[in-house]
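As structure tokens, the structure follows; a few thoughts come after it.
The values are calculated or read from the model by the stated rules, or taken from the named source; none is laboratory data. This structure is a prediction, so every number in the text was calculated from the model and none was measured. When we count neighbours, we look across all protein chains shown, and the Cβ atoms used for this are built from the backbone with ideal geometry, even at glycine. Please note that ligands, DNA and RNA were not included when accessible areas were found on the heavy atoms of the full protein model with its side chains. Shrake-Rupley method; radii C 1.70, N 1.55, O 1.52, S 1.80 Å.
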Amino acid sequence: MVKQGSRANRYSKVSLLAVILFLLAGFGLVYFKTDLLHVVAEKPEGVSGLVSVRGAVSLEQLHFSQQEIQAINNVVNSHRKTFTKVDMIVDAVGHVDEIKDDTVLVFAVSLKTSGNLEVKSWSRKLERKLLVAQFVDYLRKAATEYEEFQKFPDVKKNFKTLYI
């Protein structure tokens, strides 16, 4: 009798061990094959390939935040059928070692279209903290004005550059 009870007890321990190992293997598979339990740091997003920064101030010196990069990319992507290349021309007023939020910059935009026309802004002075908001507003305004300009094909032939 003692042997029969120990045999049943032995089988239940083996079964329990098998179930535990099976559950551990399942959790391990879920953990390594999916990122459900794994926290991954987001890869920083870069500025769209359609955008270039020219002038005395480089893209790296502007230290765009992820929100600013996202705003730039969103507006550029929403008008990518209208403008094929976007140039930001940025210079500092005077000699500046580090660009901060209150640094005064000279800022202009040059937009290439799919045709031979180039849409440009006049240069303006503004603080670094206002740069992205001004860029986004200008790009939206330029797209609207350019679409209106496209409605007059006879006028369009006479211009190579449109200042907005």
Checklist entry - Of all the accessible heavy-atom surface of the chain, with the other protein chains kept in place and a 1.4 Å probe, what percent is carbon and sulfur? => result 58
Checklist entry - With each label point set 7 Å from Cα along the Cα-Cβ vector, what nm distance links Val104 and Asp91? => result 1.4
Next on the checklist: Given a 10 angstrom Cα cut-off, can you work out which residue in Phe83, Phe32, Phe64 is the most mobile in a GNM of the chain?
Outcome noted: Phe32
Checklist entry - Any idea what angle helix 2-33 forms with the longest principal axis of the chain, computed on alpha-carbon atoms, 0 to 90 degrees, nearest 10? => result 10
Checklist outcome for this item: If one builds a Gaussian network model of the chain from Cα atoms under 10 Å apart, the most fluctuating residue listed among Phe27, Phe152, Phe107 is Phe27
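Greater than 19 Å separation of Cα atoms is the criterion. Which listed pairs, Lys81/Lys125; Lys81/Lys141; Lys81/Lys129; Lys85/Lys125; Lys100/Lys129, meet it? Don't skip to the end; give the middle numbers.
Working: Lys81/Lys125 29 Å; Lys81/Lys141 15 Å; Lys81/Lys129 28 Å; Lys85/Lys125 23 Å; Lys100/Lys129 8 Å.
From the list (Lys81/Lys125; Lys81/Lys141; Lys81/Lys129; Lys85/Lys125; Lys100/Lys129), the Cα-Cα distance tops 19 Å for Lys81/Lys125; Lys81/Lys129; Lys85/Lys125.
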Checklist entry - Points 7 angstrom from Cα along the Cβ direction at Leu21 and His63: gap in nanometres? => result 5.7
Checklist entry - Out of (1) 107, 44, 18; (2) 65, 33, 21; (3) 72, 29, 26, which label holds the value of Cα extents along the principal axes in Å that was computed here? => result (1)
Item to check | Nearest 10 degrees, 0 to 90: helix 66-78 Cα axis against the chain principal axis | outcome: 70
Next on the checklist: On a full-extension model of 0.36 nm per residue, what is the gain between Asp154 and Ser78, subtracting their alpha-carbon distance, rounded to one decimal in nm?
Outcome noted: 24.6 nm
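How far, in nm, would the chain grow between Ile164 and Ser12 when pulled straight, counting 0.36 nm per residue and subtracting the alpha carbon separation? Don't jump to the answer; show the numbers that get you there.
Details: separation 152, 0.36 × 152 = 54.72 nm, distance 8.17 nm.
That works out to 46.6 nm of additional length.
If DNA, RNA and ligands are ignored and the probe is 1.4 Å, what is the ranking of Lys100, Lys151, Lys85 by accessible area, most exposed first? Display every interim value, and only then the final one.
On the way: Lys100 110, Lys151 135, Lys85 75 Å².
Per-residue accessible area, sorted high to low, gives Lys151, Lys100, Lys85.
Whenever you get a sec, line up Glu68, Glu145, Glu60 from highest to lowest accessible area (probe 1.4 Å, protein heavy atoms). Provide the component values of the computation, followed by the final result.
Values: Glu68 40, Glu145 90, Glu60 130 Å².
Ranked from most to least accessible, the order is Glu60, Glu145, Glu68.
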Next on the checklist: Ordering Asp87, Asp101 by accessible area with a probe of 1.4 Å, largest first, what comes out?
Outcome noted: Asp101, Asp87
